[in-house]
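The values are calculated or read from the model by the stated rules, or taken from the named source; none is laboratory data. Bear in mind that the values here come from a model prediction, so they are computed numbers and not experimental data. With ideal geometry, Cβ positions are generated from the backbone for all residues, glycine too; neighbour counts draw on all protein chains shown.
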Amino acid sequence: MAAIIDGKAISEQIRQELAAEVAAMKQKGVTPGLAVVLVGEDPASQVYVRNKLRACQQIGIYWEDHRLPAETTEEALLDLIRELNRREEIHGILVQLPLPGQIREQAVIEAIAPEKDVDAFHAQNVGQIVQGQYRFLPCTPAGVLELIRRSGISVEGKDCVVVGRSNIVGKPMAMLMLHENATVTICHSRTRELPAVTRRADILIVAIGRAKFITGDMVKEGAVVIDVGMNRDENGKLCGDVDFAAVEPKAGHITPVPGGVGPMTITMLMKNTVTAARLAGRKK
């Protein structure tokens, strides 16, 4: 039976650490500030924003909630971002994705000042991640790395297979594991003999967006299995990209869905905001 990696408990531990750090920063006259921008009324996005603002309150981060109508033009959104870039009390800017069709996501990402890009999607930040000289990391891959570290799992020299090649999770995740001295393989929809590749993994990280895609026969005995997926099964129940019931008996460690990677993503956004404020303070 696998050891369950409890993302809720680890996330709460990190939030307590961040709250203590923010309290110490406030005593020195610095309050980390995050501006969250939501365009339109997508229900899922509204939930994500609400959870992010709740985390700010818990940790003591100053926050602003900017709500714009769905018909907002790209130029109007870019004007708001330019204003937030100039404001010293705002250390992090997050524009909730997806955006309405009339707004180019890449134009918005590139408009955010790299030092305030707490999602770490800006090309400059991506380049620094590749070099290993980064300010902060994309939230979900950073959360996965924290789960692994705080569970006492050694990465160095291990075979790591990442299933998924998105810019948000798969690619940066592979790069982070490479920096941790793992031997990394990236798999995707065109990978041949995928089960043979995943069975080699000492650490298997799955972010492919397909419910219960990874089955028991695709996993090595004793492997660490990190499930980034968030789907609904045939009964409408939340599930991951990994068939938990089939894989858990074989794995050495495994993350559940929900309660695994999910809680870590917002927590790492908070960590990035605190880091951005700390770095801004050093420049003064």
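When the residues of region 152-179 are filtered to those that are part of a loop (DSSP other than H, G, I, E, B) and β-branched (Val, Ile, Thr), the one that is surrounded by the most Cβ atoms within 10 Å (Cβ to Cβ) is VAL169.
Beta carbons closer than 9 Å, at least 6 apart along the sequence or on distinct chains, pair a first residue in region 121-137 that is at pLDDT 95 or above with a second that is charged (D, E, K, R) and assigned to a loop (DSSP other than H, G, I, E, B) for ASN125/ASP119; ASN125/ARG135; GLN128/ARG135.
Scoring GLU83 on the criteria (1) surrounded by fewer than 17 Cβ atoms within 10 Å (Cβ to Cβ); (2) assigned to a loop (DSSP other than H, G, I, E, B) leaves a single failure, condition (2). Scanning region 125-144 for residues that are among the hydrophobic types (A, V, I, L, M, F, W, C) and either more than 17 Å from the chain's Cα centre (by Cα) or closer than 25 Å to ALA113 by Cβ (or both) turns up VAL126, ILE129, VAL130, PHE136, LEU137, CYS139, ALA142. Regarding region 55-63, can at least one residue be identified that is touching a strand residue (DSSP E or B) at 6+ places or on another chain (Cβ under 6 Å), in a helix (DSSP H, G or I) and under 27 Å from GLY259 (Cα atoms)? The answer is yes, given that some residue of region 55-63 is touching a strand residue (DSSP E or B) at 6+ places or on another chain (Cβ under 6 Å), in a helix (DSSP H, G or I) and under 27 Å from GLY259 (Cα atoms). Within region 1-46, the set of residues being without any contact (Cβ under 8 Å) to a residue 12 or more places away in the chain and on the phi > 0 side of the Ramachandran plot comprises GLY29 only.
Of the listed requirements (1) closer than 25 Å to ALA3 by Cα; (2) within 18 Å of the chain's Cα centre (by Cα); (3) among the charged types (D, E, K, R), LYS271 misses just one: (1). Here region 117-138 is the region considered, the condition is being polar (S, T, N, Q) and either touching a Phe, Trp or Tyr at 6+ places or on another chain (Cβ under 7 Å) or part of a helix (DSSP H, G or I) (or both), and the residue that is nearest to LEU34 (Cα to Cα) is ASN125. For the structure I just gave you, tell me whether GLY236 is outside any helix (DSSP H, G or I) and closer than 23 Å to GLU146 by Cα. Criteria not met by GLY236. Residues that are modelled with pLDDT of 95 or more and more than 16 Å from ASP227 (Cβ to Cβ) within region 1-16 comprise ALA9, GLU12, GLN13, ILE14, ARG15, GLN16, listed in sequence order. Taking region 1-20 as the range and being in contact with a strand residue (DSSP E or B) (Cβ under 8 Å, 6 or more places away or on another chain) and either surrounded by fewer than 18 Cβ atoms within 10 Å (Cβ to Cβ) or more than 14 Å from GLU248 (Cα to Cα) (or both) as the test, the residues that pass are ALA3, ILE4.
The set of residues in region 184-203 being part of a loop (DSSP other than H, G, I, E, B) and closer than 14 Å to LYS250 by Cα consists of ARG199, ARG200, ALA201, ASP202. Based on this model, can you work out whether ILE226 counts as assigned to a loop (DSSP other than H, G, I, E, B), aliphatic (A, V, I, L, M), under 21 Å from LEU147 (Cβ atoms) and within 25 Å of the chain's Cα centre (by Cα)? When the stated conditions are applied, ILE226 does not pass them. Here the condition is being surrounded by fewer than 19 Cβ atoms within 10 Å (Cβ to Cβ) and either in contact with an Asp or Glu (Cβ under 7 Å, 6 or more places away or on another chain) or not hydrophobic (A, V, I, L, M, F, W, C) (or both); of ASP202, ASP227, ASP217, it holds for ASP217 alone.
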